[in-house]
Amino acid sequence: MTTTTHLRTMFGVKLSRLRDARRLSQTALAQRARLSVSYLAEIEAGKKYPRTEKMLALAEALGVGYDELVSSQVDAEFAPLKGFLDSPVLQSFPFERFGLPREQLVHLLARSPHEVAALLRTVNDVARQYNIGVEHFLHAALRSYQELTGNYYPDLEAAAAALSAEIAGHGGPSTSLATRLERWIEANLHLTVDEKTLSRPSPLGGLRSVRVDPGGRLLLNPKLGPSQRAFTLAREAAFHRLALTPRSPVSPPDANGSFDQVLNDFKASYVAGAIVLPRAALVADLKRWFKQARWHPGDLLALMDKYQVTAETLLYRLSELAPGEFGLKVHFLKFRSVEGTFRLEKQLNLSNLPVPPGHGGGEHYCRRWLTTRLLTDLAVRHHRHPRKGPPPAPEIGVQISRFPDDVSEYFCLGLAFLAPIGPPDPVSLTIGFRIDDQFRRTVRFAADRTVPRALISSTCERCPLDAEACHDRVAPPTMVELARTREEQRRALAAILRPDQPT
């Protein structure tokens with residue numbers, strides 16, 4: 001929030017509170033100050049800041065001194081509100097995109113400043129405890145945006161198709177997509193592709209690309225495979241063709257800017273995915289795949305081989321097309337295992353999956369999830385059969401999952417492999433489909449009886465299954481036991497205080 005906007009907002013709140021304290025309506029105050037009601041409403045909403053003569057009229061109408069009215073000092077009760085206006089969260093979070101303009105938010109909070117102080121302190125304490133920064137809020141906002149819009153965007157699909165047609169003219173049938181993209185970028189962006197800088201030992205070694213302006217260079221990591229290279233170049237082409245600014249200069253993108261930057265980075269990646277995995281061709285292949293009566297892991301590998309893409313590119317693209325083209329409810333999870341600790345790195349949830357809270361609260365993800373099971377299986381195989389040279393083949397799995405307290409079931413498929421760039425940590429990717437009538441009609445192998453089933457929980461600490469029912473537990477059910485103890489206390493207390501009432 002700029003200084004000017006901040007000043008208008010705080011003045012509007014102050015004026016509104018002074019008016020309310022004197023039990024004046026906007027109409028009454030406007031008449032006393034000889035202003036229009038609409039103009040006064042805009043002042044209180046933080047949209048306008050009155051000139052000196054109008055400020056004098058307002059001060060006289062309210063019975064306060066001019067200096068008191070225009071003072072930038074705020075009462076102690078409004079100090080938390082001022083701190084909130086100064087906070088990076090307010091300045092970065094896209095409240096308007098969720099139907100709540102900043103002015104309305106501020107006035108809602110200003111109605112109860114003492115309660116606001118407690119709320120803001122609580123949010124701040126929780127953020128510190130869980131190490132939540134502005135980037136977490138921005139990514140959470142992006143996920144909410146994707147989930148509200150179904151993660152399928154016809155305008156971006158059309159832009160990708162048009163850009164693909166242009167790129168196709170920069171080579172023949174035998175020319176790789178990455179080469180055509182590089183030629184298009186050199187011709188249209190006048191960028192020089194540099195694959196030497198990121199090959200040197202550097203803290204930037206885990207990045208895929210860096211856009212260097214001025215200088216007209218695009219630094220590419222030489223460790224990128226052909227499909228990763230094509231995706232990264234396609235992303236750069238999308239930034240240019242869609243004129244997306246602001247943007248992150250690096251890939252994977254950082255989130256240290258605004259929500260507009262995070263959203264633009266997402267749009268460029270969406271278009272890049274649609275270039276390397278064209279909608280029409282992939283939808284046709286998915287229809288043929290979904291008609292198969294049995295699940296075969298080779299079908300997934302065949303799609304990756306046909307389009308020469310990574311597992312993440314394919315599965316995430318599937319999370320875009322499955323809702324938009326097939327009406328399926330999906331979720332996508334990306335986990336990484338770091339020194340035996342499972343971390344949730346990326347998620348999209350259109351299937352109402354109870355995504356586990358995990359290590360944000362020091363808890364342990366359920367080891368029966370397909371994604372954690374694949375990570376465990378990969379680690380065991382890699383430990384038993386260490387090998388040099390090419391990385392081991394990925395672990396591929398499928399599973400129908402259900403929670404103990406929910407009748408909903410989820411058809412999940414995924415892969416686990418060693419990260420190709422940066423530390424070779426085990427990474428797992430899972431796409432899941434909520435099993436409903438639409439899924440059963442669309443996907444024939446949903447009825448494959450050879451697909452294993454698993455009763456899962458969110459985390460071990462929240463799992464109600466006893467030791468006999470679950471042999472995969474890595475931590476005691478502390479949250480379940482705590483809830484049980486509290487319920488027993490509630491019943492015992494009710495028996496003492498209300499002996500005639502059933503508990």
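The values are calculated or read from the model by the stated rules, or taken from the named source; none is laboratory data. The structure presented is a predicted model; accordingly, all values stated were derived computationally and were not measured. All Cβ positions, glycine included, derive from the backbone under ideal geometry; neighbour counts span all protein chains shown.
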Fill in the blank from the handout: Residue pairs within 8 Å by beta carbon, gap of at least six or interchain, first lying in the range 291-311 and small (G, A, S), second surrounded by fewer than 16 Cβ atoms within 10 Å (Cβ to Cβ), listed first then second, are A293/R444; A293/A447
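Please tell me if R180 is without any contact (Cβ under 8 Å) to a residue 40 or more places away in the chain and surrounded by fewer than 20 Cβ atoms within 10 Å (Cβ to Cβ).
no
Taking helices (runs of 4 or more DSSP H) that do not extend beyond the range 1-63, which have at least 3 residues that are out of contact with any helix residue (DSSP H, G or I) (no Cβ under 6 Å at 6 or more places or on another chain)?
3-21, 37-44, 52-62
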Fill in the blank from the handout: (1) touching an Asp or Glu at 6+ places or on another chain (Cβ under 6 Å); (2) farther than 26 Å from A165 by Cα all hold for D254 apart from (1)
Practice task
Inspect the range 304-314 for any residue being in the same structural domain as K287 (by TED's automatic domain parsing), of a type in the set (F, W, Y) and touching a Pro at 6+ places or on another chain (Cβ under 9 Å) and give the result as yes or no.
Solution key: yes
Handout entry: Failed item in (1) in a helix (DSSP H, G or I); (2) surrounded by fewer than 20 Cβ atoms within 10 Å (Cβ to Cβ), with A293 passing the rest
Key = (1)
Practice task
State whether one or more residues within the range 217-226 are at pLDDT 90 or above, crowded, with 16+ Cβ neighbours inside 10 Å and part of a helix (DSSP H, G or I).
Solution key: no
Practice task
Return the total of residues in the range 396-444 being among the hydrophobic types (A, V, I, L, M, F, W, C), surrounded by fewer than 22 Cβ atoms within 10 Å (Cβ to Cβ) and farther than 18 Å from M304 by Cα.
Solution key: 5
Practice task
Scan the range 341-378 for residues that are part of a loop (DSSP other than H, G, I, E, B) and without any contact (Cβ under 8 Å) to a residue 12 or more places away in the chain and jot them down.
Solution key: G362
Exercise for the section: Could you tell me which residue of the range 243-290 is farthest from T310 (Cα to Cα), considering only residues that are among the charged types (D, E, K, R) and part of a helix (DSSP H, G or I)? Expected result: D260
Practice task
Please state which one of P464, P420, P424 is assigned by TED's automatic domain parsing to the domain that holds R336, over 27 Å from L321 (Cβ atoms), in contact (Cβ under 8 Å) with a residue 24 or more places away in the chain and of a type outside the set (D, E, K, R).
Solution key: P424
Practice task
Answer yes or no as to whether D285 is at pLDDT below 95, more than 16 Å from the chain's Cα centre (by Cα) and surrounded by fewer than 21 Cβ atoms within 10 Å (Cβ to Cβ).
Solution key: no
Exercise for the section: Kindly list the number of the only condition in (1) among the charged types (D, E, K, R); (2) surrounded by fewer than 20 Cβ atoms within 10 Å (Cβ to Cβ); (3) touching a strand residue (DSSP E or B) at 6+ places or on another chain (Cβ under 7 Å) that fails for K329. Expected result: (2)
